[in-house]
Amino acid sequence: MLDLMEAPGSALEPATAFVAPESANLWTGIELALDNGHGVVFVTDAQGQLLGQVTLDAMRAAIRKGAHLGDNRLADLVQVASHNVVSPVLGADGRVVGIRRRPEAAGLPVAEPDLSHAELRGLLDAFLSTWISSAGDHLRSFEQRFAARSGMAHGVATSNGTVSLHLAMAALGIGPGDEVIVPDLTFAACANTVMHLGARPVLVDIDPDTWCLSVDAMAKVLTPRTRAIMVVHLFGRPAPMTEISAFARAHGLFVIEDCAEAHGARYDGRPIGSFSDIASYSFFANKIITTGEGGICLTNNPDLAVRLRMLRDHGMRPERKYWFEEAGFNYRMTNLQAAIGCAQLDRMDGFLAQREAVDARYAAAFAGIPGLRRMPPMSDRCEPVVWFSSVLVPRGKRQPLIETARQRGIDLRPFVNSLSLMPAYRHYARNCPVSAEVSATGLHLPTTPKVDDRLAGVIADVFRDVLAADAAGSGA
Ligand SMILES: Cc1ncc(COP(=O)(O)O)c(C=O)c1O
């Protein structure tokens, strides 16, 4: 058996998802390369012998030069098969008998969107329908289906997860003089949108167990001006929503749930997002499902749904063209984005399972590494999802780890910064020690289906090399 690139130890896997005959056209090649997730197709002749490979990049270049998706054959684009994470394995007669994955992590990003032939076909359908702006079948379907999946009655899709937070608070009437409780450890958009409304973000430290807001911490910052709580389900981890909802009701506060990083998580058996006046999601390319850019507001309140739609569409009354009740925004999602979103929604359970499997591989591979901690376990009432697999490391070791990983072609990402420690929020800064500590010690790991046992091992070795060397040096 001839192995084009030696990949000692990697198991032989079936090649079906990677092989196309030379007679196949460009469209078939594109679908295959998308679906196998590696952007490459191995082309064989009539006898099944390998002719070479065609990458998605080569197919894109051909299209740009005017190649025809139906008429142009893959055989015309064949190059020597090389430098892939996946390589074909040949029998003695030159036929492709399987594939192997190379152990190297070269070019492994921390996140990448998983786009299949289904997203491509949806997008093409939306394009061909000519409904490419903010109306169309895909948009209606995405709004309805995403809301239903989250246990909510109404979905109002937006251009991204930042404007959906802004829209949610605008619809609730939050403005100058109001205070909105925001966790200190979150993406900047949470505080920025409060500030853009002329309101004041009240930064509250995160709970050491959940890494989200807690009722105890919020109770200490309540004032007569407090109008709303923006709960963020950080890194896939659900906040204690039953308690937070009761607290909000008792104090007459609105609840906005930011579910950008936790699609599919649950608390007390209910989907997150279903506990609030308005829930906001992001569908940026690094999220669990993506529409490229995109977001959505969900609500059970029909009046709020009407108001969200109106403000999203410039403040125009839906039944009276060019009649503006208030100065609104153009925060609409396009039918093209929604078409991608519908296909992603169909695949969401698969994505969640894949992410969990990757996380389990890391848990096994990282066992026993000195100085490394995983995220704190959550109570039985929480059903978190894996957005990124993440770990905590000693402060001084985070940068050396990032650099060592980069030298080995692996992308590691530090956590977002504590809002209180950044110049943009100096007027709102508070002492948030848990947020500061988690922020300074956290690292997100590559969380894509490409992380198999071997790659998890390669990545664990980076941590072992940097952290164990330190432990040995310090006599620990
Ligand atoms: C918690 C949180 N809120 C809001 C956003 C903003 O979403 P978008 O990037 O779609 O504007 C993000 C992320 O990107 C996020 O992680």
Where the second residue is modelled with pLDDT under 95 and open to solvent by less than 40 Å² (accessible area, probe 1.4 Å) and the first is assigned by TED's automatic domain parsing to the domain that holds Arg374 and acidic (Asp, Glu) and lies in the stretch 445-460, which pairs have Cβ atoms under 9 Å and are six or more apart or on separate chains? Asp452/Ser10
In the list Leu421, Leu401, Leu392, which residue meets the criterion of being free of Cβ contacts under 8 Å to residues at least 40 places away in the same chain, out of contact with any His (no Cβ under 8 Å at 6 or more places or on another chain) and not β-branched (Val, Ile, Thr)? Leu421
Being open to solvent by 20 Å² or more (accessible area, probe 1.4 Å) and of a type in the set (A, V, I, L, M) is the filter here; which residues of the stretch 387-426 pass it? Val416, Leu421, Met422, Ala424
Could you go through the stretch 152-161 and let me know if any residue there is hydrophobic (A, V, I, L, M, F, W, C) and surrounded by fewer than 24 Cβ atoms within 10 Å (Cβ to Cβ). yes
Name the residues in the stretch 240-266 that are part of a loop (DSSP other than H, G, I, E, B), away from the ligand (no atom under 12 Å from the Cβ) and among the aliphatic types (A, V, I, L, M), would you? Leu253, Ala265
Within the bounds of the stretch 41-49, is there any residue that is under 21 Å from Ala118 (Cα atoms), among the aliphatic types (A, V, I, L, M) and within 35 Å of the chain's Cα centre (by Cα)? yes
I'd like to know if the stretch 135-142 contains one or more residues that are closer than 15 Å to His263 by Cα and either buried (at least 19 other Cβ atoms within 10 Å of the Cβ) or not assigned by TED's automatic domain parsing to the domain that holds His314 (or both). yes
Condition met for Ala353 (open to solvent by 40 Å² or more (accessible area, probe 1.4 Å), more than 16 Å from the ligand (Cβ to nearest atom), at pLDDT 95 or above and under 24 Å from the mean Cα position of the chain (by Cα)): yes
Using beta carbons and a limit of 6 Å, which pairs, at least six apart or on different chains, have the first residue in the stretch 219-247 and more than 23 Å from Leu197 (Cβ to Cβ) and the second one surrounded by 20 or more Cβ atoms within 10 Å (Cβ to Cβ) and among the aromatic types (Phe, Trp, Tyr)? Phe235/Trp387; Gly236/Trp387; Arg237/Trp211; Pro238/Tyr267; Met241/Tyr267; Met241/Phe275
Does the stretch 274-283 contain at least one residue that is away from the ligand (no atom under 16 Å from the Cβ), among the hydroxyl-bearing types (Ser, Thr, Tyr), surrounded by fewer than 24 Cβ atoms within 10 Å (Cβ to Cβ) and within 30 Å of Glu326 (Cβ to Cβ)? yes
Filtered residue count, the stretch 328-349, keeping only those that are open to solvent by 40 Å² or more (accessible area, probe 1.4 Å) and part of a helix (DSSP H, G or I): 4
How many of the residues in the stretch 300-333 are touching a strand residue (DSSP E or B) at 6+ places or on another chain (Cβ under 9 Å) and over 20 Å from Ala157 (Cβ atoms)? 4
Here is a list: Arg100, Arg121. Which entry is in a helix (DSSP H, G or I) and either open to solvent by 40 Å² or more (accessible area, probe 1.4 Å) or in the same structural domain as Val40 (by TED's automatic domain parsing) (or both)? Arg121
Has the stretch 350-369 got any residue that is touching a helix residue (DSSP H, G or I) at 6+ places or on another chain (Cβ under 7 Å) and outside any helix (DSSP H, G or I)? yes
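The values are calculated or read from the model by the stated rules, or taken from the named source; none is laboratory data. Computed from a prediction, not measured in an experiment: that's the story for all the values here. For neighbour counting, all protein chains shown are included, and Cβ atoms are generated from backbone atoms with ideal geometry for every residue, glycine included. To get the accessible areas, we keep the full protein, side chains included, count just its heavy atoms, and leave off ligands, DNA and RNA. Shrake-Rupley method; radii C 1.70, N 1.55, O 1.52, S 1.80 Å.
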